[in-house]
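Since the structure comes first, as structure tokens, the remarks are kept for the end.
The values are calculated or read from the model by the stated rules, or taken from the named source; none is laboratory data. Quantities reported herein were computed from a predicted structural model and do not represent experimental measurements. Positions of Cβ are backbone-derived with ideal geometry, glycine not excepted, and every protein chain shown enters the neighbour counts. These area figures cover heavy atoms from the full protein model, side chains too; ligands, DNA and RNA do not enter into them. Shrake-Rupley method; radii C 1.70, N 1.55, O 1.52, S 1.80 Å.
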Amino acid sequence: MCGIVGYIGKNQAAPIILGGLEKLEYRGYDSAGMAIISEDGKLTYEKSVGRLKVLDELTHGGSLLPGHAGIGHTRWATHGVPSNENAHPHFNEAETIAVVHNGIIENYIQLRDKLTKKGYKFHSETDTEVLAHMLDRYYKGNPLETITRVMHRVEGSYALGIIFADHPDEIYAVRKDSPLVVGRNEEGCFIASDVPAMLKHTRTVYYVENQEIACLKADELHFYSIDEEELEKQPTEIDWDANAAEKGGYEHFMLKEMYEQPKAIRETLIPQNNPRIRSNDIVIEELNMSDEEIKAIRKIHIVACGSAYHAGMSGKYVIEGLARIPVEVDLASEFRYRDPIIEEGALVIVISQSGETADTKEALHLSQSKGFPVLGIVNVVGSAIAREADKVMYTWAGPEIAVATTKAYSAQLIALYLLAMKFARVRGTVTDEYFKELLEDIQRLPDQVEMLLESRKRIQRFANRYIGAKDVFYIGRGADYATALESALKLKEISYVHSEAYAAGELKHGTISLIEEGTLVTALATQEALYQKTVSNMVEVKSRGAFVLAVTNEGNKDIEKAADYVIHIPTTNQWMANSLAIVPMQLFAYYVALGKGCDIDKPRNLAKSVTVE
Ligand code: AGP
């Protein structure tokens, strides 16, 4: 979490840094700061608590900090509360070295003790400040040598931007286990935690690998290994549309991204250069598995966090249902510490929108260390998980900015359906006729999602009644339970309304005692084989005073007897209904949050990429 930005070049650095930070605010937004080197080698800086606009106002759009080189930071607090002292950049005592950091220095307490004994004074509660003092301690005029000495001594994860006042023509950047890109155009060089921060200025980027150091000058770019050897690096040309990371007239990124779901689904089904549906079959080249290898899969482990975990839960139902392969789904934060048993013939799949999530990345490393190659389902091209996984199946949802995921989640579902169908076809667990039906259904999903999005006014009216809700429950059976989990997460993360998901049959084992007169219970009832059972659970809660909202398939009219309000989804097969049922639930969460006046794209305490465990 946290975003770092840096610039050196012909233009004023501060406005460019502010512009870059604005694009990275999704990574953290409790405080911000920047340090600039002026022409005469003076280091000036400003920090502020709160959103980036406070820093912008404080520096008059950056004009109060003149200079052609600088670094900036937007923070998601890990060590110490949001305050000016804890905001980055951090400095050595003489304020001649400044550093911005994304990540966590794990041995900072030991390092701080050592530095304190040597007379260094600390002004913040952060782990980052040790870096500034360590740089000071080893600095004898050679920045590269100093940085590598510090790198040898710190443990943990970091992407750093560093400036030295006596080297006003250079900025340095280095990374280990936190993302970092470097960019270049005719007028200067850039560093950032993520590509959108520099897209306005350049599409030519270099992905910095673990323990590599970049030295940026106005018209030169050098990369070094931790042994100070110069490296040759090839640039990558970013080909996505810069507008993809803009709001484009929508009030919030989340709303825009919900509306981009049909496109995200289409692109994931039929990526432009490599369609996954061809000649009435499914072709997933990146899987790189022969039919024999697919037939030999004995178990699948799906590992992920948050919404990606919920997508994995849906994946379990569809893969087990269609391909008859047992699937175990784990939260990455649990998987990595429980010494999981992965047996011969297992396929490990990790799912991540950002490709940066610390726990998911560790789950990947753990599986690899046990000798199991990992398939990553990832959205951000070139991200750490995409680079480190043995095989990558991209979800082509495009950049997702809102903290609450919508289109990337929908694209993850599609990737899992494709895998399930592919495996089922090869293993002969579905008939040709049924496979054909599934192929038709999956291609109908984008239009069906579009239809559901059209009902947004109706959902907004309904949501307005629940702006004051205290607790909301979501229930469902089978694959509907996975949608219930995701629906509850969407509501709580952006509207701060307490919401819980339960397998519908589980409710009467305790939770039903929470139902009071008027409590909203949303029942997902798209699984025809389980429909009557879910309806019985609805009747149980309704008779105890609950207001029941039902989401069910077109044609299920009789549900009206058990529900107070019904949303029908278009007809599809049972495995793909999740893709449709989630849409009204996303809209509901969005409109409750809107009605409450919440900061929808940047909910409190959250960040888009969770790069710490
Ligand atoms: C979803 O709305 C959340 N913001 C969060 O649960 C997210 O899905 C989770 O942190 C995983 O992120 P990833 O897909 O980038 O790994």
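Go through (1) open to solvent by 20 Å² or more (accessible area, probe 1.4 Å); (2) away from the ligand (no atom under 16 Å from the Cβ); (3) part of a loop (DSSP other than H, G, I, E, B) for HIS568 and report which single condition fails.
(3)
Just to be sure before I move on: is ASN243 closer than 30 Å to ILE459 by Cα, out of contact with any helix residue (DSSP H, G or I) (no Cβ under 9 Å at 6 or more places or on another chain) and modelled with pLDDT under 95 in the structure I sent?
yes
Can you name every residue in the range 25-75 that is part of a loop (DSSP other than H, G, I, E, B) and polar (S, T, N, Q)?
Residues satisfying the conditions are SER38, THR59, SER63.
Has the range 222-229 got at least one residue that is in contact with a Cys (Cβ under 9 Å, 6 or more places away or on another chain) and among the hydrophobic types (A, V, I, L, M, F, W, C)?
Checking the range 222-229: at least one residue is in contact with a Cys (Cβ under 9 Å, 6 or more places away or on another chain) and among the hydrophobic types (A, V, I, L, M, F, W, C).
Determine if the range 91-106 includes at least one residue that is at pLDDT 95 or above, part of a loop (DSSP other than H, G, I, E, B) and open to solvent by less than 30 Å² (accessible area, probe 1.4 Å).
Yes, the range 91-106 contains a residue that is at pLDDT 95 or above, part of a loop (DSSP other than H, G, I, E, B) and open to solvent by less than 30 Å² (accessible area, probe 1.4 Å).
Out of the range 528-562, which residues are farther than 13 Å from TYR474 by Cβ, modelled with pLDDT of 95 or more and open to solvent by less than 10 Å² (accessible area, probe 1.4 Å)?
THR552
Kindly evaluate ASP127 against the criterion of being in a loop (DSSP other than H, G, I, E, B) and either small (Gly, Ala, Ser) or within 14 Å of ALA214 (Cα to Cα) (or both).
No; evaluated as a whole, the condition is false for this residue.
Here are some conditions: (1) crowded, with 20+ Cβ neighbours inside 10 Å; (2) hydrophobic (A, V, I, L, M, F, W, C); (3) closer than 26 Å to GLU246 by Cβ; (4) in contact (Cβ under 8 Å) with a residue 40 or more places away in the chain. LEU453 meets all but one. Which one does it not meet?
(1)
Tell me which of these ALA420 doesn't satisfy, since it passes every other one: (1) surrounded by 21 or more Cβ atoms within 10 Å (Cβ to Cβ); (2) within 16 Å of the ligand (Cβ to nearest atom); (3) closer than 26 Å to ARG324 by Cβ.
(2)
Looking only at the range 44-61, count how many residues are under 22 Å from LEU180 (Cβ atoms) and touching a residue at least 40 places away in the same chain (Cβ under 8 Å).
So the answer is 2.
Inspect the range 496-517 for any residue being surrounded by fewer than 16 Cβ atoms within 10 Å (Cβ to Cβ), within 16 Å of the ligand (Cβ to nearest atom), not hydrophobic (A, V, I, L, M, F, W, C) and not in a strand (DSSP E or B) and give the result as yes or no.
Checking the range 496-517: at least one residue is surrounded by fewer than 16 Cβ atoms within 10 Å (Cβ to Cβ), within 16 Å of the ligand (Cβ to nearest atom), not hydrophobic (A, V, I, L, M, F, W, C) and not in a strand (DSSP E or B).
Take the residues of the range 594-613 that are more than 12 Å from the ligand (Cβ to nearest atom) and surrounded by fewer than 20 Cβ atoms within 10 Å (Cβ to Cβ): which is modelled with the lowest pLDDT?
Step by step, filter the range 594-613, then rank; the result is ARG604.
Let me confirm something: among ILE109, ILE36, ILE97, which residue is more than 21 Å from VAL612 (Cβ to Cβ), aliphatic (A, V, I, L, M) and free of Cβ contacts under 8 Å to residues at least 60 places away in the same chain?
ILE36
When you scan the range 260-272, do you find a residue that is under 30 Å from GLU500 (Cβ atoms) and of a type in the set (A, V, I, L, M, F, W, C), even just one?
Yes, the range 260-272 has at least one match.
With respect to ALA607, determine if the residue is out of contact with any Gly (no Cβ under 7 Å at 6 or more places or on another chain) and not assigned by TED's automatic domain parsing to the domain that holds GLN448.
no
Take the residues in the range 412-441 that are among the hydroxyl-bearing types (Ser, Thr, Tyr) and in a helix (DSSP H, G or I); name whichever of them is farthest from GLU267 (Cα to Cα).
TYR434
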